[in-house]
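Down below is the structure, laid out as structure tokens.
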Amino acid sequence: MKEVKALWKFSRPHTVIGSVVSILTLYIIICVDCKAEHVPLLVMALIIGVTCNVFIVGINQIADVNIDEINKPYLPIPAGELSIRGAKFIVAVALLLSLSLALYISTYLFLIILLSAAIGWAYSMPPFYLKKHHLTSALAITFVRGILINIGGFMVFNYIVNKSIHLPVDVKILTAFILVFSIVISWFKDLPDMKGDFKYKIKTLALVYSPKLVITIGTFLIALTYLFTILLKYPDVLNSPSPSFKALALFYGNIFLLIFFILNSFTIDLSNHHSIKKFYKRFWWFFFAEYILFLVAYLY
């Protein structure tokens, strides 16, 4: 059980959950009329997403052992629960499994996963070390989570299932939302880690400017993104005599999430490290919630 617990912590569960809910949501949108028929394809997609995720977060932990000893001493490598050799074995197996399954499904999917893994490696490893500056860090995270997964992954599986590479309007809206959210994640994730980042000269936005500025700009951008989504769904709900469940769910669901997001932004105390960590954890729940909102809207 200790090994299983260490592997779970090593996989960075919040990122695994993010990958799972994104794949499930895109699957439901693609297979809106044939949900059960392509379950084996869904299972393979989930394995690919999770193992690629484990590779990316694992490489980061191998590269950042010294920083994690300060910022995240509870992670399995600095905590002594997992050796560097064991971590390298896990990421190698994860990468091999992810690439092999992707190639089995589609050459295009293989290229998407290969590029995602390469960016994940460049994010953490020299000579690129993209995480060292807030701009390259944001671009890397946004490109993988926003473009490669949402657009690239959707187009590949949509072609396999429906013989179409068409991007529905709702997928475009969701992708725009996730693009902005990914940028803000790249800023907010550094807020609890300023001590170690400062020591090792990582130029995060919070250190280059200030944590307060990061919170203000990030909150403003996410609130605008919610408003953008709500306004796009406004005609489908208020100008229609009988709006669909999908339109109602996306319109009122985003209003609900916007209200809670704004309320959550007032809970952070930048002078309290524990408060900052709790705020960042809650921030991920809004990321999950947006995908789940689209998933529910398309399920019924």
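General observations
Condition check ((1) of a type in the set (A, V, I, L, M); (2) surrounded by fewer than 15 Cβ atoms within 10 Å (Cβ to Cβ); (3) in contact with a helix residue (DSSP H, G or I) (Cβ under 7 Å, 6 or more places away or on another chain); (4) part of a helix (DSSP H, G or I)) across all residues:
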| site | (1), (2), (3), (4) |
| --- | --- |
| P243 | no, no, yes, no |
| L257 | yes, no, yes, yes |
| H274 | no, yes, no, yes |
| F283 | no, no, yes, yes |
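- The listed residue being of a type in the set (G, A, S), free of Cβ contacts under 8 Å to residues at least 60 places away in the same chain, open to solvent by 40 Å² or more (accessible area, probe 1.4 Å) and within 23 Å of H14 (Cβ to Cβ), out of G86, G80: G80
- Screening L115 against (1) open to solvent by 50 Å² or more (accessible area, probe 1.4 Å); (2) assigned to a loop (DSSP other than H, G, I, E, B) leaves a single unmet condition, (2).
- Residues of the range 1-45 classified as in contact with an Asp or Glu (Cβ under 8 Å, 6 or more places away or on another chain), among the aliphatic types (A, V, I, L, M) and either free of Cβ contacts under 8 Å to residues at least 24 places away in the same chain or more than 24 Å from I105 (Cα to Cα) (or both), total: 1
- Scanning the range 160-172 for any residue that is within 18 Å of D197 (Cα to Cα), assigned to a helix (DSSP H, G or I), open to solvent by 30 Å² or more (accessible area, probe 1.4 Å) and touching a residue at least 24 places away in the same chain (Cβ under 8 Å) turns up nothing.
- Condition broken by K131, with the remaining ones in (1) among the charged types (D, E, K, R); (2) in contact with a Phe, Trp or Tyr (Cβ under 6 Å, 6 or more places away or on another chain); (3) open to solvent by 40 Å² or more (accessible area, probe 1.4 Å) satisfied: (3)
For (1) at pLDDT 95 or above; (2) open to solvent by less than 20 Å² (accessible area, probe 1.4 Å); (3) of a type in the set (A, V, I, L, M), each residue gets a yes or a no:
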residue	(1), (2), (3)
M1	no, no, yes
I23	yes, no, yes
C34	no, no, no
E37	no, no, no
V43	yes, no, yes
I47	yes, no, yes
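- Taking the range 185-200 as the range and being part of a helix (DSSP H, G or I) and touching a residue at least 60 places away in the same chain (Cβ under 8 Å) as the test, the residues that pass are I185, F188, L191, P192, D193, K195, G196, D197, K199.
- Set F110, F188: member being modelled with pLDDT of 95 or more and under 19 Å from the mean Cα position of the chain (by Cα): F188
- Residue match in the range 124-138 (condition: closer than 30 Å to P211 by Cα and within 15 Å of the chain's Cα centre (by Cα)): yes
- Scanning the range 196-224 for residues that are open to solvent by 80 Å² or more (accessible area, probe 1.4 Å), farther than 26 Å from L257 by Cβ and hydrophobic (A, V, I, L, M, F, W, C) yields one hit, F198.
- Checked against the criterion of being of a type in the set (S, T, N, Q) and either farther than 26 Å from D190 by Cα or open to solvent by less than 50 Å² (accessible area, probe 1.4 Å) (or both), the range 91-104 contains one or more residues that satisfy it.
The values are calculated or read from the model by the stated rules, or taken from the named source; none is laboratory data. Just so we're clear, the structure is a prediction, and the values are computed from it rather than from any experiment. Don't worry about glycine lacking a Cβ; one is built from the backbone with ideal geometry, like all the others, and counts go over all protein chains shown. What goes into the accessible areas is simple: the full protein's heavy atoms, side chains included, and nothing from ligands, DNA or RNA. Shrake-Rupley method; radii C 1.70, N 1.55, O 1.52, S 1.80 Å.
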